[in-house]
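This report concerns only the one structure given below.
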Amino acid sequence: MVRAQSTAGGMNQRRYCQFMARSRRPGSHRALRQVLLITGLVVATWLAIGAVRLVQLHGEATKDNHQLQSLRTDMDRFSQSLSSGKDPGDSSDLKLRLQRETAELQSLESKLGGLSLLPMRVIPVVSRQVASARDLAAAGAQVTAAGARLTQVTEDLRSSSSGDPILVTLARADRAVAAADRSLGHIDLGPKSLLLPSLGRARARADAFTEHLTTRLDTASTVVHQLSAVLAGPRNYVLLTANNAEMSGFGGRDLQVGWMRTRHGKVKASGLRDTNQASEIIAPGAVPITDRDFAQNWGWLGPSNLWTTLGGTPRFPVIANIAARMWAVRTHSHVDGVISLDDEALVNIVKATGPVTIDDATYNADQLRQNLLVGQYAITDVAKRRARLARLTATIMGSLQNPRNHANHFAILKAFADSIRGRHLMAWSAAKPDEAMWEDLGATGQVSPSDVIIGTTSLISKLDSSLKIVVKPTFLPAASGEDVLLTIRIHDAATGHEPSYVFGSTAADHRPLGFYGGFLCVELPGGATKLATDGAPVVLGPDGASKQVSTVIELAPGGTLTRRVSFHLQAGTKSFTVGPSSHLPDITWDLGTTTRTDSEPFTVDLRTVPRTPPTKQTLVQLDTVARIKAQLARVNLQLGPLASIDTRTVLNAALNSHVLPATTGFASSLKQASAPLPDLFTIVVDLGEKRLLESLLATAQGHR
């Protein structure tokens, strides 16, 4: 055994020596060099081909990148239109472009992984760039494929009809959105560091856009899923229908209340009642106002007793919470939430579903708007008119499921989105998942702390649709921020040919027919300070996370009134948002270089607006006399002429009844009887005695 191993080892040694001997021959060196040279040439050629191919593919990638940038812009516009309820138009061209770009990106990904680039994928630095480009091409293909799936959602909605089950259509949309969302969830953008600048920028853009699109898809998936649950029901909503001819703060006055129920994908309005009937008044104390600011600002109008006085704040969740509890007290029934629809919301539904017929009269959208705001008041029998209005509302809501109107689901959903955008439709739910859905849709009527909203309250007429309101802001630089002056011009454009009911009743106070009496309400950013107005303010202070200034307005028929409201914004405030008022016609904002309306929210950028040099006369100085007169006016909900308050008689009565202490400076001034009446008001304020003012108001109430 040992001998065999020794023999084998000797043979191997001899073979090695023979090989080494041959390799020392001159011809052997040439052969080795030739092998190495050929190998080097092959590698060099391969590298050259790879380099050339890489340059070619870089050109293709650059072209695809430009196409992707264009598609991203179009996709963002498309998804933004869908999320805001605007019609994105025909999506077939976008879908075709997305499909074509998906194929090109998939081809680019395949080429970047091909054999010609193998040498580039083994060179350390270059391989990282190739891998990044390949991963970005694959990610781009996934994004464009997801976009193509999304365009299918609108095609499904457009191809449906109101006679089709909405839940089936929503289920298809849910599946398409979910598939697109899943595809984006598996995207790998490749290496993040040590990239060429151009690749790094491309990756950053792809990352931001993918995250942006994923967020929108997540929101869309949640909304579609929860909307399906709400429509499947059962849900019992309080339905408030508001009249824009008679505004109540930041929305139309709620003149009807009833049920809106959802069952198996069907929506039905029923049991609508006239809120002006005595039977609909809720007993005082039965529904406490739990929001401190709303109670302080507008509790004196009885908003938890009277449906018609609910609109003093634009914070719809506050109003809806009160309305839900009022309806529960009134009906002894469970309430899931509150839906508010005004005249324009009904008009938008008719735009989608087609003309509506009631009592042998047929109205298209424009005719319906005119009838709701003015025409219906030609019916002199009030009970008959209100019953007709209830039937008209129920008929319009019923058209949402009427197969004969040929409206597709996209048009119907767009009608609701248009209404939501202008605060013509608002919704609140007690259940958190439902409320989250309404919030995602922008339907909760919640106010941002940066919002500015203008509203009006009519107390004696239905002339709001005749008011033309223009707001001109003036911006004045201040040492610690920005002073803002809103000059608000209100013009009564009534023709005089409207039905007499529109002009209101004036028999009680002998005002001329068509006199407008009420409030101008201005919601301001939460950070606003130094609130002031040149009118008689009835509200001047916090309203939740915002601030509010509301002042008395009295407008003669055909007249024009200007009110000024000023406030201060602290340093660092970059903008504020003008929110929709739901006023019809829209309120116009004169921004100097451009004009906007409040039909939908828009942003005022304080960094770009023109500035006005401040003067002593520019900012409003809060008039203490006007404020006391406004407080006196609050004791009379009909807002009688303030001049009818016999100031001296009231003050003498207060003095004689020992409401006012005889030792005060006020009493001395009163006995002198030489100070002008406004000065007497100023003296009361200067005393700084709140109880004194309250006693004065109580006495004034007895002398109205």
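The values are calculated or read from the model by the stated rules, or taken from the named source; none is laboratory data. Quick caveat: nothing in here was measured; it's all calculated off a predicted structure. Note that each Cβ is placed from the backbone with ideal geometry, even for glycine, and that neighbours are counted across all protein chains shown. Areas reflect the complete protein model, heavy atoms only, side chains present, ligands, DNA and RNA absent. Shrake-Rupley method; radii C 1.70, N 1.55, O 1.52, S 1.80 Å.
In this view, the solvent-accessible surface of Ser480, computed with a 1.4 Å probe and all protein chains in place, comes to about 70 Å². Quick one, what does Rg over Rh come out to for segment 467-584 if you take C-alpha atoms and the Kirkwood Rh? When Rh is taken as the Kirkwood radius, the ratio is 1.05. For Lys268, the solvent-accessible surface computed with a 1.4 Å probe is close to 140 Å², ligands and nucleic acids excluded.
Cα centroid separation, segment 331-368 to segment 570-600: 28 Å. A simple packing score, the average count of other Cβ atoms within 10 Å per residue, orders the peptides 200-209, 436-445 as 436-445, 200-209, with the highest score first. Could you work out the Rg to Rh ratio of segment 280-408, with Rh taken as the Kirkwood radius (inverse of the mean 1/r over all Cα pairs)? My calculation puts Rg/Rh at 1.04.
Solvent-accessible area of Asp291, all protein chains in place: 40 Å² (probe radius 1.4 Å, heavy atoms, ligands and nucleic acids excluded).
Under conditions of 4 °C and 1.567 mPa s, segment 345-419 yields 102 µm² s⁻¹ as its translational diffusion coefficient, taking Rh as the Kirkwood radius over Cα pairs in the Stokes-Einstein equation. For the peptides 332-339, 527-534, residues were scored by their other Cβ atoms within 10 Å and the scores averaged per peptide; the highest-first order is 527-534, 332-339.
Roughly how far apart, in whole Å, are the Cα centres of segment 529-543 and segment 203-236? After rounding, the separation between the Cα centres reads 40 Å.
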